[in-house]
Amino acid sequence: MSKKKLQKIAITGGKGGTGKSTFTVLLTNKYLNQNKKIVLVDADVECPNDYLLIKQKLNKPQKNIYADFPLLNKQKCTKCGVCVKACRSNAIFQATEQLPVFLEELCSACGTCWTICPEKAIKTKKIKTGQIFINKINQNFYLITGLAKAGLDETGPIVTQLKNFALAFAKKHNADYILFDTAAGTHCPVIQALLDTDRAYAVTEATPMGAYDLNIILNLLKKLKIKTKIVLNQADYGNKKLITNILKENNIKKIDQEIPYSKKIVKAYSNGELLNINI
């Protein structure tokens, strides 16, 4: 008997605070009520909060995340500056006639500098950049949380490692769905979480900022060729025409889900009890 296909779904949105994580938990609960096995991945590694919405704690990490960072051999370095010019992250500083200085908090660990160095003067060192936590909520629901080391400017590589770990975990446990709750925005960590997903939900609200950022995330999803559905949160507030106009511009026929403002949801959100809400 062939294994069932794992459905990979991203929940995203250009603007923070639109209810993206709230919708993620509500969607999880919908699938759980259908007796599906779910792995929820909080890929907002700089500020994960899904565990708070379902009243969990991040205790002992399941895995530490490491990355290779450049380490200069001062005896070999000729101060040529090739590495500085090649670094797209601007993570290497070199004063005139001085040795280059590597800024770890800006480094993306891409490997360009140690690959391109003509003197092979740049080696690597492993540095801990993040952690992965697993919470088993019940037999059908696992929460996997990524947490980046504070102060890192580039967290895309952390999301990549988190995603690879979570996908292997979901397949091992024969999950029906793996949900990726992305960070807000359209920067590298968001793109890493979105890549290779089967479809995405873009969560927005009927405000000028909500419409503006929805248009940005839809442009990104179009470039990534990801099928997208629209979720309008607090749908009974604001000006819905702002959203429908953006949908027309992006050739999207309709809003897929509308979530009204609800004191019940707000109370459950505040108490970490969103899994008890059915919509």
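Can you tell which of Asn251, Asn245 is part of a loop (DSSP other than H, G, I, E, B) and of a type in the set (S, T, N, Q)?
Residue meeting the stated conditions: Asn251.
Tell me whether the stretch 62-69 contains one or more residues that are in contact with a strand residue (DSSP E or B) (Cβ under 6 Å, 6 or more places away or on another chain), outside any strand (DSSP E or B) and of a type in the set (Ser, Thr, Tyr).
Checking the stretch 62-69: not a single residue is in contact with a strand residue (DSSP E or B) (Cβ under 6 Å, 6 or more places away or on another chain), outside any strand (DSSP E or B) and of a type in the set (Ser, Thr, Tyr).
For the stretch 243-275, how many residues are out of contact with any Leu (no Cβ under 9 Å at 6 or more places or on another chain), touching a residue at least 24 places away in the same chain (Cβ under 8 Å) and under 30 Å from Lys57 (Cβ atoms)?
Looking only at that region, the number is 2.
Could you tell me whether Ile217 is in a helix (DSSP H, G or I), in the same structural domain as Asp44 (by TED's automatic domain parsing), under 18 Å from Ile11 (Cα atoms) and touching a strand residue (DSSP E or B) at 6+ places or on another chain (Cβ under 6 Å)?
yes
Scan the stretch 50-63 and report the pairs whose first residue is in contact (Cβ under 8 Å) with a residue 60 or more places away in the chain and whose second residue is of a type in the set (Lys, Arg), with Cβ atoms within less than 8 Å and a gap of 6+ or a chain change.
Once the first residue is in contact (Cβ under 8 Å) with a residue 60 or more places away in the chain and sits in the stretch 50-63, its partners that are of a type in the set (Lys, Arg) give Tyr51/Lys57.
Starting from the stretch 186-200, keep only residues that are within 18 Å of Thr155 (Cα to Cα) and small (Gly, Ala, Ser), then list their pairs with residues that are at pLDDT 95 or above and assigned to a helix (DSSP H, G or I) whose Cβ atoms are within a distance under 6 Å, requiring at least 6 positions of separation or different chains.
Sorted first by the residue in the stretch 186-200, then by its partner, the pairs are Ala193/Val159.
Take the residues of the stretch 215-234 that are surrounded by fewer than 18 Cβ atoms within 10 Å (Cβ to Cβ) and among the hydrophobic types (A, V, I, L, M, F, W, C): which is nearest to Ala202 (Cα to Cα)?
The selected residue is Ile216.
How many of the residues making up the stretch 19-47 are buried (at least 23 other Cβ atoms within 10 Å of the Cβ) and in a loop (DSSP other than H, G, I, E, B)?
So the answer is 3.
Restricting attention to the stretch 222-234, does a residue exist that is more than 23 Å from Ile265 (Cα to Cα), in contact with a strand residue (DSSP E or B) (Cβ under 6 Å, 6 or more places away or on another chain) and in contact (Cβ under 8 Å) with a residue 60 or more places away in the chain?
Checked the stretch 222-234: at least one residue is more than 23 Å from Ile265 (Cα to Cα), in contact with a strand residue (DSSP E or B) (Cβ under 6 Å, 6 or more places away or on another chain) and in contact (Cβ under 8 Å) with a residue 60 or more places away in the chain.
Is it fair to say Glu258 is surrounded by 13 or more Cβ atoms within 10 Å (Cβ to Cβ) and either in contact with a Cys (Cβ under 7 Å, 6 or more places away or on another chain) or in the same structural domain as Asp50 (by TED's automatic domain parsing) (or both)?
Yes.
The values are calculated or read from the model by the stated rules, or taken from the named source; none is laboratory data. Source: prediction; values computed, not measured. Virtual Cβ from ideal backbone geometry, glycine too; neighbours counted across all protein chains shown.
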